[in-house]
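We did not get these values from a lab; they are worked out from the coordinates using the rules stated. Computed from a prediction, not measured in an experiment: that's the story for all the values here. Neighbour counts are summed over all protein chains in view; Cβ atoms, including those assigned to glycine, are modelled from backbone coordinates with ideal geometry.
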Amino acid sequence: MRESSRHASNAINDVIFVLGAGVDRVLGLPLVSTLFRDLGDFASGSGAAINKAIRSHAKHVPLDLQAYAGDQAENLGQKLLGSDPHLLPQILNALDKHRDAGNERIKAIKTLMKKLAAIASENELNEPTMAELSKLAGGVDTGVTDTLLDPNHISLRPKARDAIKAVFTQVVDEIPDLTPEERKAFTAVIALLSNFEELLAELFTGYFTNHIPDQRKYFYLAWLLWAYIRHKEESARANRNLSFYKTLSDSAVMGDNIITFNYTNFFDDRTRPTNGYFHGDNKAFIRFRTREYVTNNVQAMNANTLPLMAAFIDDLQVDWKKDPPEVSLPAIVPPLAMKPIVCSEYLDRWYRCGQTIKKAKTIFIIGYSFNVADEHFNDLIRKGSKETRLIVVDPDIEMVAIRVCRILSHDERGLTPVTIEGMDCHVDGRLTFVKARAEQINSIRLDAILRR
């Protein structure tokens, strides 16, 4: 082996690679911002048989995915006071049915909804009033009603929005005899105030409170997400060479040196992580009653077509009447700051990943934006060696650099702009920030970054 080749190999062996969702983006894997809509389309379209199989185990789950379209909290005022004012009386009627009407949280939220209803009512300008206003303004009466305030530019304060979401999420399962219209009204409001990560995380946490409605919802969402990701993964496999996964293979990176937040498997035999699936993967599942972590189920591993996925889910053993319920869940963990202990295998994995991070000479992080939703991993970086070189690749590197510097208590004003293989970068001591998408980092650029 030539000396230069040996040097490159040794350099790679000293690097720990951390892969986030941005690495899978070029392969068409879903983004969180559109995941509700994507899953809704999947459940009613090509994944209809899978949706039916999941719902056969979790009947009457009150989740209408078509109503969810990401985080639209700023549109709540517009919906309640503008496009859908009929939701307010339906919600108020439903709240009147609550068994514990004297409860302070119910009373407070009813007061809030009554005030919104009063605003909606007073905001309406009827036809005679509009006719007079048209005359006063020197215009022509068009014979249509209008509003005094433009609901498109009315937003609720954050505390009010958060309170509505917290209470509505609970009461939808507490109120007896909800009509379909009332249930849809709650769902419409909750949908505006939710995104998929938040909902999945809330329901995942709720799984440990033995709240059966939350457990059924999580069961439904988790298996639908599992099937959708498996389906998208198989569809994208032929395009693997367009991604950073090819760069890892070309650079002879070993699986022991890779930690991934993704549930997918676009690795080859050499690069596949051994203990690096930080949030689990979509091949294993957990028998929740016994906490058995199942990695060798042939039917699960071979479920690479929609019919095979539906058959596998249909064959799951599920009994909600047992305590705890006999139910299997995909071995995927939502990105939570505080991670419930699902089974000991996760404790072992997080410990090993933590040790890997502590011992690393260089950490190369790509496609991960350091959101507070995964404070567990951020804390591993925060408490790692102060001598470790940290390289971060992200297209929105300015914002990511600020987050990383805050995590490390590093003054971002010390960052200096440089160019590496045509890419805009910022460096300061052990920190290197590279403005690029994951798929733009080929083996030549990777080598140049590492050798800087």
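Here are a few things to note about the model shown:
- Computed E for Arg413/Tyr351 - FRET, C-beta separation, R0 35 angstrom, nearest 0.05: 0.45
- Bridging of Lys79 to aspartates and glutamates at a Cα separation below 17 Å is possible for Asp71, Glu122, Glu124, Asp146, Asp150, Asp162, Glu181, Glu182, once same-chain residues fewer than 8 apart are set aside.
- Exposure proxy ranking, count of Cβ atoms within 10 Å, fewest first, for Lys321, Lys52: Lys321, Lys52
- Among the listed pairs Lys59/Lys321; Lys283/Lys359; Lys358/Lys435; Lys359/Lys386; Lys359/Lys435, those beyond 19 Å (Cα-Cα): Lys283/Lys359; Lys358/Lys435; Lys359/Lys435
- In terms of surrounding Cβ atoms within a 10 Å radius of their Cβ, Leu225, Leu308 rank from fewest to most as Leu308, Leu225.
- Taking amide H positions as modeled 1.01 Å from N, with prolines and chain starts lacking one, the residues under 5 Å from Ile365 and 5 or more places away or on another chain are Val18, Ile391, Val392, Val393.
- Only one residue of Gln90, Thr187, Ser134 has its Cα farthest out toward the positive end of the dipole of the stretch 72-193, where Lys and Arg carry +1 and Asp and Glu -1 on Cβ, and that residue is Thr187.
- Sites Ser44 and Thr147, calculated FRET efficiency, Cβ-Cβ separation with R0 30 Å, nearest 0.05: 0.30
- Annotation for the stretch 382-452 versus the stretch 245-262: alpha-carbon center distance of 19 Å.
- Spacing of the modelled spin labels on Arg382 and Asn126, each 7 Å from Cα toward Cβ, amounts to 5.9 nm.
- Length-normalised contact order for the chain - Cα pairs under 8 Å, 6+ apart - percent: 20
- Residues of type aspartates and glutamates that Lys246 reaches as a straight line, Cα spacing below 15 Å, ignoring anything fewer than 8 places off in the same chain: Asp24, Asp268, Asp269, Glu439, Asp447
- Take the Cα of Asp323, step 7 Å toward its Cβ, do the same at Asp96, and the gap between the two points is 3.7 nm.
- Only beta bridges with both residues in the chain are counted; by DSSP, about 50 percent of them are antiparallel.
- Linear extension gain, Asp173 paired with Asn103, 0.36 nm per residue minus alpha-carbon span: 23.6 nm
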